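Heads up, the thing below is written out as structure tokens.
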Amino acid sequence: MERMVRDDTGEVTIPRVVIAGTWSGCGKTTVASGLMAAFTGKGRIVQPFKVGPDFIDPTHHTLTCGRPSRNLDPFMMGEEQVIETFARASAGSDIAVIEGVMGLYDGVDGTGCASTAHVARLLGAPVVLVIDAKGMSSTVHALINGICAYDRTIKIAGVIFNRIGSPRHRQLIEKGLTVPALGWIPKQQDLTIESRHLGLSMAHESDRAASFGAIMQEHCALDLVESVAGSAGPLEVSRRPAPVDRQEKATIGVAMDPAFCFYYQDNLDRLRSAGAGLVFFSPMTDPLPEVDGLYLGGGYPELHAEALETAPCRDQVRSAAMAGMPIYAECGGLTYLTESLSAGDHTYRMAGVLPATAAMTSRIQGLGYVQGTWQGGVGFAAPATPVSGHEFHYSRLVPDPDGRFAIALTRGKGIDQGKDGLFEGETTGCYTHAYFSRTFAEGLVGAGAAYRRL
């Protein structure tokens, strides 16, 4: 297979395929991860992607393919940025495999915006549909034909049937096929990845996804899937990648361990492009490194609260914040910066930088896309700078009565009914997992550079 080719007209040719589902839970994650593993096992260089704001599936993709998986989300990123990210990340790959989200046409607020179909249309990518065939035979054809007819701009190039009960079950389905069948995966009890309250287990906690490759090799026509990917035409890329500042202006510490592991790869790239040198560390086991700023992502601090409470890094982060170091935190990182975190029957002391307490709950406290603007308060985010992202958390924050907020949301809940970005000095934490704009990344790096000069 020919790798990505770029010509002088702004067009790129990238073999690509979208793995879509009829609904959440039909097996598309199993199939997408399995195809990535199978193609990698054949010696292909596979570039993985995930439609939507999910953090967890990309960790499995990355582990399987050995290349960072990227999110493709038109709501957060904008359509042009989806195309630019796709083309940039696919450089040097043989094939791009894009895992969809929810059902093929499910988008924001009941529309098609940010749906798998939306991304497939933007990328001119053929779609392979995954159908859970359990309990159906001829009815699957009504389902397939309805999905194909719903939007003729989407090319449904083939179907992979999941949870086939027996050879007889397959024969019954084969009689009425109108779309090529590319795979017949038998029902097996072990084709799952363990779950918990924020979704599937992270890649470092389960190696199940990589094992799916053998199943795809046995039950899917990999050559036909590869042929489908190769049928994608040239892709026009109007937005060029942002120029990279080769001069390191500041060193940004990024918390990266089982407690803090939710990051969009594009955000890290944006920081590097703005002149940041990134240093990854674990607040559970490492001392605070010599850095000029901090980025504390989301994750599962509640599962590691005791280690975070007793680690020396906790007090070092507090001292750095009091000294004026710029610190930006999201979700799990936000709870780490509060006075305390209650989980189960225990309450743990946290960094004590932000005037609030946090507690885990048994119900979702915030879920969905977020939009808003920075209002001022911290130097690294200019007033009126837009914020776009996603929130998903089971914790609740109780800020002090005089707590101040740097972000006003027009969509989403945030910390307190549309207020997000609780701040103190040059530290701010929010429930929003933001997709960084170039302006925001430059602001955070610039604040780190100013702190370095102090």
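With the cut-off at 1.5 for a/c, could you classify the range 96-160 from its C-alpha gyration tensor as rounded, prolate or oblate? Prolate, because a/c is 1.5 or more and a/b exceeds b/c. Amide H contacts for Leu235 (H built 1.01 Å from N in the peptide plane; partners 5 or more residues away or on another chain; cut-off under 5 Å): Val12, Thr13, Ile14.
For P(r) over Cα pairs in 20 Å bins from 0, in percent, which listed value, (1) 25, 53, 21, 1; (2) 20, 39, 24, 13, 4, 0; (3) 26, 63, 12, comes from the coordinates shown? Calculated P(r) over Cα pairs in 20 Å bins from 0, in percent: the matching label is (1).
Across the range 139-148, rounded Karplus estimates of 3J(HN,Hα) from the backbone phi angles (6.51 cos²θ - 1.76 cosθ + 1.60, θ = phi - 60°) give 4, 4, 6, 4, 5, 4, 5, x, 5, 5 Hz, Gly and Pro being marked x.
Give me the extension gain from Val179 to Gln217: residue separation times 0.36 nm, minus the current Cα-Cα distance, reported in nm with one decimal. Can you show the working numbers first?
On the way: separation 38, 0.36 × 38 = 13.68 nm, distance 2.06 nm.
Result: 11.6 nm gained on full extension.
By accessible area, using a 1.4 Å probe on protein heavy atoms only, the range 299-438 has 49% of its surface on carbon and sulfur. Starting from the Cα of Glu11, step 7 Å toward the Cβ, then list every residue of the range 231-268 with an amide N under 19 Å from that point. The answer is 231-240. Just add up the charged neighbours of Arg349: K/R +1, D/E -1, any other residue whose Cβ is under 11 Å from the Cβ of Arg349. So the environment of Arg349 carries a net charge of -2.
Stretch Ala142-Ser238 to full length: gain in nm at 0.36 nm per residue minus the Cα-Cα span? Provide the component values of the computation, followed by the final result.
Numbers: separation 96, 0.36 × 96 = 34.56 nm, distance 3.88 nm.
Gain on stretching Ala142 to Ser238: 30.7 nm.
In the range 52-101, what percent of the accessible surface is made up of carbon and sulfur (1.4 Å probe, ligands and nucleic acids excluded)? Let's see the in-between values first.
Values: 640 of 1160 Å².
Heavy-atom surface of the range 52-101 belonging to carbon and sulfur, 1.4 Å probe: 55 percent.
Note that the range 415-425 has calculated 3J(HN,Hα) couplings of 7, 8, 6, x, 9, 9, x, 4, 9, 8, x Hz, one per residue in order, obtained from phi through the Karplus relation 6.51 cos²θ - 1.76 cosθ + 1.60 (θ = phi - 60°); glycine and proline are x. Under the simplified labelling scheme, the Leu303-Tyr394 pair shows an inter-label distance of 1.0 nm, with each label point 7 Å from Cα along Cα→Cβ.
Would you mind classifying the range 274-413 by shape? Square roots of the alpha carbon gyration tensor eigenvalues, ordered a ≥ b ≥ c; an a/c under 1.5 is rounded, otherwise it is prolate if a/b is larger than b/c and oblate if not.
Working: a/c = 1.62, a/b = 1.08, b/c = 1.50.
Judged from the Cα gyration tensor, the range 274-413 comes out oblate (a/c at least 1.5, b/c at or above a/b).
Rolling a 1.4 Å probe over the protein heavy atoms leaves Ser231 with an accessible area of roughly 60 Å². Note: relative contact order over the range 312-387, using C-alpha pairs below 8 Å and six or more positions apart, is 21 percent. Between Arg170 and Lys187, the simple label model (points 7 Å from Cα in the Cβ direction) yields a spacing of 1.6 nm.
Here's how it looks for Gly376: its modeled amide H is under 5 Å from those of Ala384, which are all 5 or more places away or on a different chain. For Arg411, the amide hydrogen comes within under 5 Å of the amide hydrogens of Gln371, counting only partners 5 or more places away or on other chains and with H modelled in the peptide plane. Qualifying GluC sites (Glu not before Pro) in the range 71-108, where qualification requires a DSSP coil assignment and no more than 12 other C-beta atoms within 10 Å, are lacking entirely.
Any of Lys187/Lys413; Lys155/Lys187; Lys155/Lys175; Lys42/Lys249; Lys50/Lys413 with alpha carbons more than 31 Å apart? Name them for me. Display every interim value, and only then the final one.
Working: Lys187/Lys413 40 Å; Lys155/Lys187 27 Å; Lys155/Lys175 22 Å; Lys42/Lys249 42 Å; Lys50/Lys413 25 Å.
Too far apart for the 31 Å limit: Lys187/Lys413; Lys42/Lys249.
Take the Cα radius of gyration of the range 261-347 and divide it by 2.2 N^0.38 Å, N being the number of residues; the result is 1.10. FRET efficiency for the Ser340 to Thr153 pair, using the beta carbon distance and R₀ = 41 Å, is estimated at 0.20. In summary, the aspartates and glutamates within cross-link reach of Lys134, defined as a Cα separation below 18 angstrom excluding same-chain residues under 8 places away, comprise Glu174, Asp190. A 1.4 Å probe over all protein chains sorts Lys134, Lys413 by accessible area into Lys134, Lys413, starting with the largest. Residues in the range 122-137 carry Karplus couplings, in order, of 4, 8, x, 9, x, 10, 9, 8, 9, 10, 7, 8, 4, x, 10, 10 Hz; the curve used is 6.51 cos²θ - 1.76 cosθ + 1.60 with θ = phi - 60°, and Gly or Pro positions show x.
Summary value for the chain: 14 percent relative contact order, contacts being C-alpha pairs under 8 angstrom separated by 6+ residues. Bridges between two residues of the chain, per DSSP, are antiparallel at a rate of about 45%.
The values are calculated or read from the model by the stated rules, or taken from the named source; none is laboratory data. These numbers come from a predicted model, not from an experiment. Cβ: placed from backbone, ideal geometry, glycine included. Neighbour counts: every protein chain shown. For accessibility, only protein heavy atoms count, side chains too; no ligands or nucleic acids. Shrake-Rupley method; radii C 1.70, N 1.55, O 1.52, S 1.80 Å.
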